[in-house]
Amino acid sequence: MQFLLNAPRHLFFTGKGGVGKTSIACATAVQLADQGKRVLLVSTDPASNVGQVLNQAIGNQIVAIDSVPGLSALEIDPQGAAQQYRDRIVGPVRGVLPDKVVRDIEEQLSGACTTEIAAFDEFTQLLTDAALVRDFDHIVFDTAPTGHTIRLLQLPGAWSGFIEHNPEGASCLGPLAGLEKQRAQYHDAVAALADPARTRLVLVARAQRSSLAEAARTQAELAAIGFQRQHLVINGLMPETEGQIDPLAHALANREAAALAQLPPALAHLPTDRLSLKADNLVGLSALRRLFAMDESMATTQEVNKAMPPLPKLAGLLNGLAADGHGLIMVMGKGGVGKTTLAAAIAVALAERGLLVHLTTSDPAAHLADMVAGTLDNLAVSRIDPKAETERYRQEVLASKGRHLDEAGRAMLAEDLRSPCTEEIAVFQAFSRVIREAGRRFVVMDTAPTGHTLMLLDATGAYDREIRKKMAGGGLHFTTPMMQLQDSRQTKVLIATLAETTPVLEAANLQADLRRAGIEPWAWVVNQSLAAAKPTSPLLQQRAANEQAQLAAVASQHASRYAVVPLQVQEPVGLERLRQLTQP
């Protein structure tokens, strides 16, 4: 493994959920410890299963791993850290400020930004406190701080009182309130992260176009803030031997080869390691020690139950979606779960029922016209350009809120508008214009704003509250975009996920976020399922069996209704292949 050669003190593994960061981080820590190094393994992953992988209970205190001399581990609980962080900031003002103001502050501290900042706050000491970690040669981090988090910490305006005096400005800088005391410590931590002599950042991805595109965006974002020296690990490659006995495995191998042949330029120059797909979940030291071995098979000896239970199909949701003849359908979920494909398949199915449909996306990597690859009566396709909408929003805010500010105030406002959440808010405004169409036809949206963004807009006196204020008492009927999203008769939210531990947990967190905003998801869609595809390859059969626990969790714990879409032999591009996703 190139990323292990001359390993510096800090190794950070970053990547989207479900790409295998935890397995690779654990295997790295074990290998370094086996070489006689003293290693601390730290996880900030909300879906952390480090304790399960190492077969030992691990908590928020450093503990020695009994079975691996020289290895210790620590699991930082991001949600717990975020709650403590909120309490520390909100506690002193509770009972002092009006309840409405306190609720607005709590909402600003409720989103993913706060969780990321709080987790960073927790492990900052591991980067800067020499006394705390002096007993270790290496510290291996599972789940690195994102470029989004570091960019927030680098905005000087985040440390000022500007936002407190501009409550009408919608921003995600609120989570940084009260961090002035740690400013010097954070500066040292960011410097340590950017120093290649002390830190190595490893991007983990799968050999899929969407995953590689996400990794390329992460690489560019990190490089733009000074993190130039990165490594790439492409995980989960289909072994050639499996492709010889199973059409699905053969198709996946060809698909991976095509994706790697078109590797984004931002990744092509990085030192790269490749790891083959394994049959079993990587649990236990034996499996971890084999992860980096050249043996591709790692064949399982476990008996696979081929009698999979019947799984509900996407076709089963169509009647419910089409029932009212018009409305808004939002397909939401983390990157890499196939939202764009699912949105396109649903839009095509509705259009072929003779219903008017507008399919739209704000995903910068989505090419809906290419995906549909044809024309269809009743179907219109569009794309919202996030960069253009963000610039438009910035100019509108500078022209309105900045009109009466002095030069220093305008400069601070302009900096606030460079925060990462600005794009999400700007895209929501563009969506709001499209939402109005749902009263007369179907609008199918791919990549929707999160519940946190919607609540943030509402809490800061943005569009929804302003309209309510203006219309109240006038005797006029009105519906704001927020009200429409909260009305299950007008809006149906579908949460897309994969049948894997981390994606399902991320989908559950998204559902909780939406519910806080008063939006109840209508259904879940589990995409790219091996269990539904019924492969013949022993390796894929075993992985299909491993999906059962997550499918059961979706059915019994998370979704009031759900559907499962099989992993396709051919990529679902073009009208005919999209139709196959919604066949009975």
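Residues checked against (1) modelled with pLDDT under 90; (2) under 19 Å from the mean Cα position of the chain (by Cα):
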| position | (1), (2) |
| --- | --- |
| 21 | yes, yes |
| 27 | no, no |
| 36 | no, no |
| 39 | no, no |
| 50 | yes, no |
| 68 | no, no |
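When region 182-220 is limited to residues that are of a type in the set (Gly, Ala, Ser) and under 30 Å from residue 338 (Cβ atoms), the one that is surrounded by the fewest Cβ atoms within 10 Å (Cβ to Cβ) turns out to be 220. One residue stands out in region 510-557 among those that are surrounded by fewer than 17 Cβ atoms within 10 Å (Cβ to Cβ) and within 19 Å of the chain's Cα centre (by Cα): the one that is modelled with the lowest pLDDT, namely 516.
Checking each residue in region 115-165 for being assigned to a loop (DSSP other than H, G, I, E, B), modelled with pLDDT under 75, out of contact with any helix residue (DSSP H, G or I) (no Cβ under 7 Å at 6 or more places or on another chain) and within 23 Å of residue 88 (Cα to Cα) picks out only 161. If the condition is being in contact with a Ser or Thr (Cβ under 7 Å, 6 or more places away or on another chain) and free of Cβ contacts under 8 Å to residues at least 60 places away in the same chain, then region 236-264 contributes 237, 241.
Evaluate region 253-264: report whether one residue or more is among the basic types (Lys, Arg) and under 20 Å from residue 569 (Cα atoms). Among the residues of region 253-264, at least one is among the basic types (Lys, Arg) and under 20 Å from residue 569 (Cα atoms), which makes the answer yes.
Considering every residue within region 11-18, establish whether at least one is out of contact with any Lys or Arg (no Cβ under 6 Å at 6 or more places or on another chain) and surrounded by fewer than 21 Cβ atoms within 10 Å (Cβ to Cβ). Taking every residue of region 11-18 in turn, none turns out to be out of contact with any Lys or Arg (no Cβ under 6 Å at 6 or more places or on another chain) and surrounded by fewer than 21 Cβ atoms within 10 Å (Cβ to Cβ).
If you go through region 88-95 one residue at a time, do you hit one that is without any contact (Cβ under 8 Å) to a residue 60 or more places away in the chain, farther than 27 Å from residue 286 by Cα and outside any helix (DSSP H, G or I)? There is at least one residue in region 88-95 that is without any contact (Cβ under 8 Å) to a residue 60 or more places away in the chain, farther than 27 Å from residue 286 by Cα and outside any helix (DSSP H, G or I). A single entry from 257, 266, 249, 223 fulfils the requirement of being outside any loop (DSSP other than H, G, I, E, B), at negative phi and in contact with a Pro (Cβ under 9 Å, 6 or more places away or on another chain): 249.
Taken as a whole, the structure leaves residue 300 outside the set of residues that are modelled with pLDDT under 80, surrounded by fewer than 17 Cβ atoms within 10 Å (Cβ to Cβ) and not in a helix (DSSP H, G or I). Scan region 22-40 for residues that are without any contact (Cβ under 8 Å) to a residue 40 or more places away in the chain and in contact with a helix residue (DSSP H, G or I) (Cβ under 7 Å, 6 or more places away or on another chain) and the total you get is 0.
Inside region 352-402, residues that are of a type in the set (A, V, I, L, M), over 26 Å from the mean Cα position of the chain (by Cα) and over 27 Å from residue 321 (Cβ atoms) make up a count of 3.
Residues checked against (1) in contact (Cβ under 8 Å) with a residue 40 or more places away in the chain; (2) crowded, with 17+ Cβ neighbours inside 10 Å; (3) part of a helix (DSSP H, G or I); (4) not assigned by TED's automatic domain parsing to the domain that holds residue 210:
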residue	(1), (2), (3), (4)
345	yes, yes, yes, yes
348	yes, yes, yes, yes
355	yes, yes, no, yes
359	yes, yes, no, yes
370	yes, no, yes, yes
376	yes, no, no, yes
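In the same structural domain as residue 527 (by TED's automatic domain parsing), in contact (Cβ under 8 Å) with a residue 60 or more places away in the chain and not basic (Lys, Arg), is that true of residue 382? The answer is no for residue 382.
The values are calculated or read from the model by the stated rules, or taken from the named source; none is laboratory data. This one's a predicted model, so the numbers in the text were calculated from it and none came from an experiment. When we count neighbours, we look across all protein chains shown, and the Cβ atoms used for this are built from the backbone with ideal geometry, even at glycine.
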